[in-house]
Amino acid sequence: MVNEATLTTPRTTLSTTPSAPPIIVWLRDDLRLSDHPALHAAAKAAAKTGAPVICLYVLDDSAGRAPGAAARWWLAQSLRALGADIATRDGSLILRKGPAARVIAEVARESGARTVHWNGIAQAPHQAIERQLESALAKNGVDSQCFPGDLLVPPAVIRNKEGRGLRVFTPFWRRVLALGDPPKPLPAPKDLRPAPTVASDTLETWKLEPGKPDWAGGLRETWTPGEASARARLRDFLKHTAQGYVGDRDRPDREGTSRLSPHLRFGELSPRQVWHAARFAAAENPAIGPGVDKFLSELGWREFCRHLLHDHPNLATENLQANFDGFPWKPDAKALSAWQRGRTGYPIVDAGLRELWHTGVMHNRVRMVVASFLVKHLLIDWRDGESWFWDTLVDADAGSNPANWQWVAGCGADAAPYFRVFNPVLQGERFDPDGAYVRRWVPELKDVPPELIHQPWQATPIELASAGVTLGKSYPHPIVDHAKGRERALTAYAKIRKG
């Protein structure tokens, strides 16, 4: 862990004036040094002029959607790692809190900077702040430059004949692939000329991490945030996991996924770094080609969701399909609480929600089952589930999280039809056939035989007693019958279809 001194500087007057005005690099969801266009351009200019580079992160909760608790924990760790990386290049990471446009303009005045660089984010609230910043800087005679952000392709490039974004993934991904490889990743700067003394907050004052109770033990046990960890995880995936990805990615009982999503969420890796590393690995080892193609299509789904968010800034609150505005959701605080705590009585559902609480992630296949159970079996509004995921996921992404919930609910783009109701028992038996995933996260069922572990209510009293399970006490009865829940969901769907 980096010495906090590398992240903070006492609020004192500026040191001696450098030979050239500093260049500010505004960091956001791009907490890395490699393939960072704004930083690369600043370091290149600094090498010619001798200008120092000020790496600035601004905590601005008004910039789009404020991160949830788990994401704030990750942010703190990622900033520490980034501060350490910058320190090895003789630079320092400056932390400030407040409205980004005002804060950055203040730092420019304090430091004498004449240029500010940043990577763009193709989301309406972030773009609005960028425009405010450009205006504030221009008034003070400070130049600004925005570089391509965290997407493979800018949204303006993928449009239909009417100029709108695509709402079906397959043609969208075909269009992206037809454009060929994205630009090659940029190298990290070798050194950063020390900046003048600039006042900085400390991470502790931001209170990003939990105090008492400290619920983040499982996150610390599971993750090592930061660019170095992200790159190591990508290498490990391509070397050991990619070959079996097509089949194993749906198996929560196996280590079959990349687990790169939180690293991408915070920009510790860029999409084009992932793209080029994967393509290179497949060229070196053709046996992993099918796995790499499928893996990149998942990267494409992230891209698709970000493009949707660009066109629909209210993706987390408004149905993409307006006919769902009249859907007869049934608020049920007790059922919602049971779902959140992993006490629904359906083992695969409960395992997923407990994995989420402990690790800050949930296996993607299980996410679909868990989400379907909430919106279809329980008829609880998808926005309630999306909000819970937003607060508890370390990889909570402003595009993917609501887009995926709308996809499951049937009200989104390229959505699964509402009448597709996942059977949690069959899903468990198919994708966790021996019950290993359930046994890990629902330990009270660890001694239930594999053929019964996904439906323990079908066990005989003797079988339950032998497994040490008392339904209704050590493990709950199902809070809803699958067949009845499915029938109720289809009836509700029929009502909006008639409407």
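Here, P(r) means the percent of Cα pairs in each 10 Å bin from 0 to the largest distance; for the stretch 113-230 it is 9, 21, 31, 26, 13, 0. Residue exposure proxy: His240, His263, His126, ordered by other Cβ atoms within 10 angstrom of their Cβ from fewest to most, comes out as His240, His126, His263.
Straight Cα distances below 17 angstrom link Lys161 to the aspartates and glutamates Asp311, with same-chain residues fewer than 8 positions distant left out. At 0.692 mPa s and 37 °C, plugging the Kirkwood radius over alpha-carbon pairs of the chain into Stokes-Einstein gives what diffusion coefficient in µm²/s? Answer from the Stokes-Einstein relation: 135 µm²/s.
Cβ crowding within 10 Å ranks Trp301, Trp26 as Trp301, Trp26, fewest other Cβ atoms first.
Ranked by the mean number of other Cβ atoms within 10 Å of their residues, highest first, the peptides 423-434, 266-277, 455-466 come out as 266-277, 423-434, 455-466. Dividing the Cα radius of gyration of the stretch 4-149 by 2.2 N^0.38 Å, with N the residue count, gives 0.99.
Axis of helix 69-87 versus longest Cα principal axis of the chain: the two differ by about 30°, to the nearest ten degrees. The translational diffusion coefficient of the stretch 207-277, from Stokes-Einstein at 20 °C and 1.002 mPa s with a Kirkwood hydrodynamic radius over alpha carbon pairs, comes to 157 µm²/s. Counting only residues at least eight positions apart within a chain, or on another chain, the aspartates and glutamates with an alpha carbon under 20 Å from that of Lys330 are Glu318, Asp381, Asp384, Glu386, Asp481, Glu487. Taking a straight line from the alpha carbon of Lys139, these lysines sit under 28 Å away, with near neighbours fewer than eight places off in the same chain left out: Lys44, Lys48, Lys97. Between the Cα long axis of helix 124-139 and the first principal axis of the chain there is an angle of about 10°, rounded to the nearest 10. Over the residues of the chain, the helix contribution to mean residue ellipticity at 222 nm works out to -13500 deg cm²/dmol, using -39500 (n - 2.57) for each DSSP H run of at least 4.
Seen from Leu75, the other residues with C-beta closer than 13 Å to its C-beta sum to a net charge of -1, counting Lys and Arg as +1 and Asp and Glu as -1. Helix 482-498 and the longest principal axis of the Cα set of the chain meet at an angle near 60°.
The fewest-to-most ranking of Thr470, Thr222 by surrounding Cβ atoms within 10 Å reads Thr470, Thr222.
What's the long-distance tail for the stretch 292-430, i.e. % of Cα pairs beyond 27 Å? Looking at the stretch 292-430, the distances longer than 27 Å represent 15 percent of pairs.
Values in this text are rule-based calculations from the coordinates and carry no lab data. Here the structure is a predicted model, which is why all the values come from computation and not from measurement. When we count neighbours, we look across all protein chains shown, and the Cβ atoms used for this are built from the backbone with ideal geometry, even at glycine.
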